[in-house]
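Enquirer: Starting off with a structure, shown below.
The values are calculated or read from the model by the stated rules, or taken from the named source; none is laboratory data. Note that this is a predicted model, so its numbers are computed, not measured. Positions of Cβ are backbone-derived with ideal geometry, glycine not excepted, and every protein chain shown enters the neighbour counts.
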Amino acid sequence: MTDWLKAAESQKKDYLTDLISLMKIPSVRDDDEATDEYPLGPRPAQALKAFLEMADQDGFKTKNIDNVVGYAECGTGDDTLAILAHVDVMPAGKGWDTDPFDPVIKDGNLYGRGASDDKGPGMAAYYALKYLKDQGTKFNKRVRFIVGTDEESNWTGMHRYFEVEPAPTFGFSPDAEFPVINGEKGQVSLLLSVPASNDGAFQLKSFKSGLRFNMVPREAVAVITVADNQQIRDDFARFVGENPISGNIAENGDELTITVIGKAAHGMEPEKGINAGTYLANFLDQYEFAKGAKSFIHFLGKYLHLDTRMGGFDGAFTDPVMGELTMNAGILNFDLENGGAINMNFRFPKGISPDQLQTTVEKVATPLGITVKQGPAQAPHYVDPDDPIVKTLMEAYINQSGDKNAQPEVVGGGTYGRLMKRGVAFGALMPNTPNTMHQANEYQPVDDLIKSMAIYMEAIKNLVSD
């Protein structure tokens, strides 16, 4: 019987070299730098090209599709196993103890943007496939390792792949956690617009919080003018002392700039973050702002503050199989020209629809003069636990981890796995390792990454050899 962990350990040095090289590329989608050649900006394409060049040197057949998606292929057969990863990353944000794009290993942990989501896990799966190929494994299926470049936003690249290439038979995405994610909640964002009207003794000049809809905002900054600057300073000092945040006030003429620092977290688990935007709005809601500014502040400060389950909307919902509905207030902006824009991102189980969510929010928003429209939605995705791919992956995980009580899970995150009828997410976050995806100081224990490689080796071997 093959010692897969020993095999993975033999790849450790080269794996870390290639992974760190890939992590040094700040591959954040940037529409401001988009061109015809680089539709998502140059850096995601740079990371894609770096991966494909490596795979080409490793003896895979490779293809770059429009600089937005690509694949490395080996094996032959009527069926295709797809492994779907991504080389784009979230914006780094603030609060890092190290350079997010200069990875370091400290105390056995690899720190840097992409260590956990998804360059570390993706490269572990790639190295598992590479090892099997190099060992002369007989593949009775075609295997395509497909790499997207905007998983953290609109999935443009992977949607393009499925438009122009044959659909895989089945597959997995190494972009979540172990053991196996056989169910993913649906996703939709509700986009709220607030009038720019604003007058009176208290005025909101601007409010900015949040980087992406699927991140809990770590920082919020508001510029206001008020009747009594000292009163605001005293009130804010008390507010910071009574809440799990930090912050400061800067004075510039008659304007006050108020900054609140909370804690970032993945939008699928918003309760694990501290939403700086709703904390700041909750503080401002005690003052006599007016019109659209008041509606914006009051909606955030009363209805979104400390609410990740729609309790304040009387909209909480739970499915016995797929779990709870969750809500993340991810992007919260206001200015005097454009008014307010709020992105509420929902992860919803089967049994409730985006239309129902919109109706529920409108009952609160409409009386405040706030309009609500729906963004693109993804339906809930579920693969039967008895499907052979789930059983094969579970077996590999149990064999390598020793966790005989492990069971498939349903999560709020959305992975490329849902693009296939028989697609799941598989690793690489271990059950007892903190989830730092989308956070400052993102990391992954090196030993976990090597163990995940061993799991992927056994899993892929069994999937292509059955």
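Enquirer: I need the full set of residues from the stretch 397-451 which are surrounded by 24 or more Cβ atoms within 10 Å (Cβ to Cβ), at pLDDT 95 or above and aliphatic (A, V, I, L, M), in order please.
Expert: VAL424, ALA425, ALA428, LEU449 - these are the residues of the stretch 397-451 that are surrounded by 24 or more Cβ atoms within 10 Å (Cβ to Cβ), at pLDDT 95 or above and aliphatic (A, V, I, L, M).
Enquirer: Could you list all residues from the stretch 7-41 that are assigned to a helix (DSSP H, G or I), of a type outside the set (Ser, Thr, Tyr) and either in contact (Cβ under 8 Å) with a residue 12 or more places away in the chain or not assigned by TED's automatic domain parsing to the domain that holds TYR443 (or both)? Talk me through it step by step, then tell me what you get.
Expert: In the first step, residues of the stretch 7-41 are kept if they are assigned to a helix (DSSP H, G or I); the result is 7-9, 12-23, 31-33.
So of that shortlist, the ones also of a type outside the set (Ser, Thr, Tyr) come out as 7-9, 12-14, 16, 18-20, 22-23, 31-33.
Correct list: ALA7, ALA8, GLU9, LYS12, ASP14, LEU16, ASP18, LEU19, ILE20, LEU22, MET23.
Enquirer: Going by the structure shown, is ASP78 surrounded by fewer than 17 Cβ atoms within 10 Å (Cβ to Cβ) and at pLDDT below 95?
Expert: Details: surrounded by fewer than 17 Cβ atoms within 10 Å (Cβ to Cβ): yes; at pLDDT below 95: yes.
Yes, satisfied.
Enquirer: Out of GLU395, GLU442, which single residue is within 30 Å of LYS263 (Cβ to Cβ) and touching a residue at least 60 places away in the same chain (Cβ under 8 Å)?
Expert: Details: GLU395 fails: within 30 Å of LYS263 (Cβ to Cβ).
Just a single option satisfies the conditions, and that option is GLU442.
Enquirer: Follow-up question, since we're still on this one. Among the residues of the stretch 155-213 satisfying the criterion of being charged (D, E, K, R) and either in a loop (DSSP other than H, G, I, E, B) or touching a helix residue (DSSP H, G or I) at 6+ places or on another chain (Cβ under 6 Å) (or both), which is surrounded by the fewest Cβ atoms within 10 Å (Cβ to Cβ)? Before the answer, list the steps.
Expert: If we filter the stretch 155-213 for residues that are charged (D, E, K, R), which is where we start, we get 160, 163, 165, 175, 177, 184-185, 199, 205, 208, 212.
Of the ones still in play, those that are also either in a loop (DSSP other than H, G, I, E, B) or touching a helix residue (DSSP H, G or I) at 6+ places or on another chain (Cβ under 6 Å) (or both) are 165, 175, 184-185, 199, 212.
Values: GLU165: 16, ASP175: 28, GLU184: 30, LYS185: 27, ASP199: 11, ARG212: 21.
Per the stated criteria, the residue is ASP199.
Enquirer: List the strands (runs of 3 or more DSSP E) inside the stretch 379-454, counting only whole elements, that have at least 1 residues being closer than 20 Å to ASP150 by Cα. Spell out how you get there, then give the answer.
Expert: Values: elements: 409-411, 423-425, 443-445.
Filter on the stretch 379-454 gives 423-425.
Enquirer: Could you pull out the residue among ALA329, ALA264 that is touching a helix residue (DSSP H, G or I) at 6+ places or on another chain (Cβ under 8 Å) and either surrounded by 23 or more Cβ atoms within 10 Å (Cβ to Cβ) or over 16 Å from LEU192 (Cβ atoms) (or both)? Spell out how you get there, then give the answer.
Expert: Values: ALA264 fails: touching a helix residue (DSSP H, G or I) at 6+ places or on another chain (Cβ under 8 Å).
Just a single option satisfies the conditions, and that option is ALA329.
Enquirer: Mind checking which residues of the stretch 235-261 are more than 23 Å from ASN275 (Cβ to Cβ), exposed (fewer than 11 other Cβ atoms within 10 Å of the Cβ) and among the acidic types (Asp, Glu)?
Expert: We begin by selecting, within the stretch 235-261, every residue more than 23 Å from ASN275 (Cβ to Cβ); these are 251-255.
Imposing the further condition that a residue be exposed (fewer than 11 other Cβ atoms within 10 Å of the Cβ) reduces the set to 252-254.
Matches in the stretch 235-261: ASP254 only.
Enquirer: Among what's in the stretch 98-143 and is among the acidic types (Asp, Glu) and more than 21 Å from the chain's Cα centre (by Cα), pick the residue that is farthest from GLN57 (Cα to Cα).
Expert: ASP107
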